[in-house]
1. Are there any strands (runs of 3 or more DSSP E) wholly within region 167-224 with 1 or more residues that are of a type in the set (D, E, K, R) and surrounded by fewer than 16 Cβ atoms within 10 Å (Cβ to Cβ), and if so which?
2. G7 - would you say it is at positive phi and at pLDDT 95 or above?
3. Looking at region 109-155, which of its residues are surrounded by 15 or more Cβ atoms within 10 Å (Cβ to Cβ) and assigned to a loop (DSSP other than H, G, I, E, B)?
4. Quick check: is even one residue across region 355-367 surrounded by 14 or more Cβ atoms within 10 Å (Cβ to Cβ) and among the polar types (S, T, N, Q)?
5. So which strands (runs of 3 or more DSSP E) are wholly in region 230-313 and hold at least 3 residues that are closer than 30 Å to V171 by Cα, within 16 Å of ligand 2 (Cβ to nearest atom) and within 21 Å of the chain's Cα centre (by Cα)?
6. For H318, only one of the following conditions fails: (1) on the phi > 0 side of the Ramachandran plot; (2) not in a loop (DSSP other than H, G, I, E, B). What is its number?
7. Give all pairs with beta carbons closer than 8 Å in which a residue from region 18-45 that is near ligand 1 (Cβ under 8 Å from one of its atoms) meets a residue that is in a helix (DSSP H, G or I); count only pairs at least 6 apart in sequence or on separate chains.
Amino acid sequence: MRVLVLGGDGYLGWPTALHLSRRGHDVAVADNFVRRQYDYELGVESLVPIESLQTRIAAWKDVTGESIGIYVGDLTDADFTYEMLRDFRPEAVVHFAEQRAAPYSMIDRKHAVYTQVNNVVGTLNLLYAISEVDRDIHLVKLGTMGEYGTPEIDIEEGWLEVEHKGRTDRVLYPKRPGSFYHLSKVHDSHNIEFTCRIWGLRATDLNQGVVYGQQTPETVLDDRLATRFDYDAVFGTVLNRFVIQAVLGHPLTVYGTGGQRRGIIDIRDTVRCIELACENPAERGEFRVFNQMTEAMSVQELADTVARCFPGGVEIDHLDNPRVEKEEHYYNVVHTRLLDLGLTPHLLSDTLITSLFDVAKRYADRVRPEALLPKVNWRDHASPVQET
Ligand code: NAD
Ligand code: USQ
């Protein structure tokens, strides 16, 4: 298949492009490199050094003989987006290209507005471009489990059967997200569902849980193929942060009681899920939602697991929670649709955590320890994040 990976320079987009290329698909990536810009803004960088996109693509050609196409531009630029689709003529577009950090979106008004404009306008341009260039293109869109929040009822895969005053209907699952970033994904989901309904587009919304891990079978073929590994309190995700904190001898930063539960997924399963979604497209007019997570754990359980695996043990700190979120709650998620398509999950194992310790040890001297502690507070509109 011809697959266009938007956000192909990012943590997940790059390994996904490699995975799809290795599986024989004809792949191109697009990116505007804004993720690298956020690093400059925040004064941090990926723990694992990453090459420029051009060098990465040349390295992939050296190692495997396979070519990956490249489009440099911004999805909020509609002309760029239309031209790219007309030029590459994809059968599937995998859309990772958004500002994806909840704390970044909560820094202040400017960052909230940027996040929602970047994400919602980029996706809207893409929907119009698909509609005008080729309505058969299958959109595979990265959403997030955080769209649902933590309701008191089971979380279904996107849709809910409701009985009300003797009548029934199938409605989009009610959303109660926890940041302006997560809200941008809810807005996207509504826009995508609407365009499936009115223009007959085909789309799969992948509500993904928190990703952990840094290596896939493709990225380990050569150091130049490495993907990024974020550890700072703005972009680092929880398990990856705990691993680095353990290696540095820093107490693990559990926010609040740690009773908050989240869906999680290994990066190797992320790339496989995207492959499965692309190879089994939605029908024309169908808005399909998969909950892309493989297990649920509390933050405390994640911290305990990392602490148990680390030789000599580590301290666990409970910080005042900088976020507004429930710390003790019901959480039961249906996530069978990707399993039905053939996903065999890698569940969180001691081996994986130990291999992540090795990655973190190799690059531990690149860490800026002051970037480990959270400075963005949900209750405060002007967080001093820029002072780090
Ligand atoms: P990332 O920030 O590493 O990658 C996103 C890429 O998109 C970056 O390279 C960035 O430069 C690019 N981009 C952003 N806005 C763009 C624009 N307007 N035009 C062109 N390129 C643009 O993020 P990631 O961790 O790889 O996440 C990818 C997607 O998966 C995001 O949509 C995110 O919401 C979703 N997701 C991530 C996780 C996770 O734990 N990392 C979990 C669930 C969902
Ligand atoms: N947390 C801690 N300590 C830390 C970091 C986080 O206790 O040092 C807690 C947070 O309070 C939260 C949970 O861990 O309860 C997850 O936080 P996170 O930063 O790992 O993940 P989150 O902000 O939800 O965002 C990440 C990605 C985002 C994606 C989302 C999936 O950055 O792109 O959408 O995971 S989900 O959580 O399912 O919405």
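The values are calculated or read from the model by the stated rules, or taken from the named source; none is laboratory data. This structure is a prediction, so every number in the text was calculated from the model and none was measured. A quick note on method: Cβ atoms are made from the backbone with ideal geometry, for glycine too, and the neighbour counts reach across all protein chains shown.
1. Because the criterion is at least 1 residues that are of a type in the set (D, E, K, R) and surrounded by fewer than 16 Cβ atoms within 10 Å (Cβ to Cβ), the strands (runs of 3 or more DSSP E) in region 167-224 that meet it are 167-172.
2. For G7, the condition - at positive phi and at pLDDT 95 or above - is met.
3. I137, Y148, G149, T150, P151 - these are the residues of region 109-155 that are surrounded by 15 or more Cβ atoms within 10 Å (Cβ to Cβ) and assigned to a loop (DSSP other than H, G, I, E, B).
4. Within region 355-367, one or more residues are surrounded by 14 or more Cβ atoms within 10 Å (Cβ to Cβ) and among the polar types (S, T, N, Q).
5. Per the criteria, 261-266, 287-292, 295-298.
6. With (1) on the phi > 0 side of the Ramachandran plot; (2) not in a loop (DSSP other than H, G, I, E, B) applied to H318, the lone miss is (1).
7. A30/M84; D31/G13; D31/L53; F33/L53; V34/N118; Y38/Y104
Residues are listed down the side, and each one gets a yes or a no for (1) in contact with a Leu (Cβ under 9 Å, 6 or more places away or on another chain); (2) hydroxyl-bearing (S, T, Y); (3) within 16 Å of ligand 1 (Cβ to nearest atom):
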| residue | (1), (2), (3) |
| --- | --- |
| T294 | yes, yes, yes |
| M297 | yes, no, yes |
| V314 | yes, no, no |
| V324 | no, no, no |
| E328 | no, no, no |
| N332 | no, no, no |
| G342 | yes, no, no |
